[in-house]
Amino acid sequence: MSQIKEINYQNLFDIKKKIQNPFSREIFITSIKKELGKGFSIWYNMGNGIALSARKFTPKKDFIMKESSNVSGAVFIFNLGEEFPFTFKDNQKFLMKKNNFLIGLSSSEFYAKTYHKKDKEYFILSIGMKEELFSKLAHSIENIDEYMNKAKEKSYELFYNKQIDGQQFEILNYFKAETSYEDLLKNIFLESKTNDLIHYTIQRITRILNDQELSFNDKNRISSLKRAKQIIIKEYQNNLSIKEIAYKSAINECYLKKDFKAYYGITIHEMIQKQRLKAAMQLLKKISA
């Protein structure tokens, strides 16, 4: 049996386009080498201590990707494709499951390998930020400096591996198209969504630490919340009350208010207003067309 090939990340992709935008914004749009698979990778330096990486590819053969970093900081990893294993510098292993996210902390000597299988589709969105910025943004997370010190001792520290929730999925949908990275106006929009994702994820981690995160293992409970959202999407123009939505969703009114906010990250009233604003914007587009 032949040994699985190890490839540095830089040698896996060919640069298709480099975009230099105002205020140090820099974007590299790349495609995986044809002999290795099909798909794309985006690296987007926002010029403010935050960088975005989106990778969507399907290998033609098994390979191990090698990555390293000489900048200490944090990375938010959201896995929307097949699961894949990490092997770190100390030979410890970690399985990144599908539809899960984690926050990883790294030193300036970070090194890891990831194993990718033939004909499996991988889609990973990562948001990296420098240590000083992350420490300030994540000040609400208890003992965050201690976690960072642990990362410096062994080159990495994994910080809360959890399932992606409804609100995170909703934001992540904006990052899926390769064409979203080629237009400056779209880039600025993605920057705002990146900030939304960072803010929400840090808030969620803080709730977990404070034992305020609700467990959604009950399929009936999730089903009721999804029905409530569909009712709002279809009937937002009506004078909807929480009592009416709860009745149609077959869920207790108090639980609906609490669980909806926990699952989707916004209140029912905010969701209704969001749908009304979305409809108004679509109408304006039709009128101006």
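For this structure, a couple of remarks:
- For Ser108, the residues 5 or more places off, or on other chains, whose built amide H falls under 5 Å of its own are Ser72.
- When the chain is treated as a Gaussian network with alpha carbon springs shorter than 10 Å, the biggest mean-square fluctuation among His199, His116, His269 belongs to His269.
- Taking 1.002 mPa s as the viscosity and 20 °C as the temperature, the Stokes-Einstein diffusion coefficient of the chain based on its alpha-carbon Kirkwood radius rounds to 102 µm²/s.
- All lysines inside 23 Å of Lys258 as judged from Cα atoms, apart from same-chain residues fewer than 8 positions distant: Lys162, Lys219, Lys226, Lys229, Lys234, Lys243, Lys248, Lys274
- Structure note, pairs Lys38/Lys152; Lys33/Lys98; Lys5/Lys154: Cα-Cα distances above 32 angstrom occur for Lys38/Lys152.
- Where Rh is the Kirkwood radius over Cα pairs, Rg/Rh for the range 1-97: 0.98
- Relative to the compact-globule estimate of 2.2 N^0.38 Å, the Cα radius of gyration of the range 53-106 comes out at 1.20.
- Candidate aspartates and glutamates for bridging to Lys18, where Cα separation is under 13 Å - those fewer than 8 sequence places away on the same chain excluded: Glu26, Glu182, Asp183
- Accessible surface for the chain, divided over its residues, is 56 Å² per residue with a 1.4 Å probe.
- With N the number of residues in the range 115-156, Rg(Cα) / (2.2 N^0.38 Å) evaluates to 1.66.
- Among the chymotrypsin sites (Phe, Trp or Tyr not before Pro) in the range 16-88, those located in a DSSP loop and surrounded by at most 14 other Cβ atoms within 10 Å of their own Cβ are Phe23.
- With Cα atoms, 0 to 90° folded angle of helix 219-235 axis to the chain main axis: 70
- Listed by chain and number, the aspartates and glutamates whose C-alpha is less than 12 Å from the C-alpha of Lys136, apart from same-chain residues fewer than 8 away, are Asp145.
- Where labels lie 7 Å past Cα in the beta-carbon direction, separation of Phe23 and Met281 in nm: 1.9
- As a fraction of the 1.4 Å probe accessible area of the range 143-184, surface on carbon and sulfur atoms comes out at 41 percent.
- On Cα atoms only, tilt of 253-264 relative to the major axis of the chain in degrees: 30
The values are calculated or read from the model by the stated rules, or taken from the named source; none is laboratory data. Everything numeric in this text was worked out from a predicted model, so none of it was measured. Positions of Cβ are backbone-derived with ideal geometry, glycine not excepted, and every protein chain shown enters the neighbour counts. Just the protein is used for accessible areas: all its heavy atoms, side chains included, with ligands, DNA and RNA removed. Shrake-Rupley method; radii C 1.70, N 1.55, O 1.52, S 1.80 Å.
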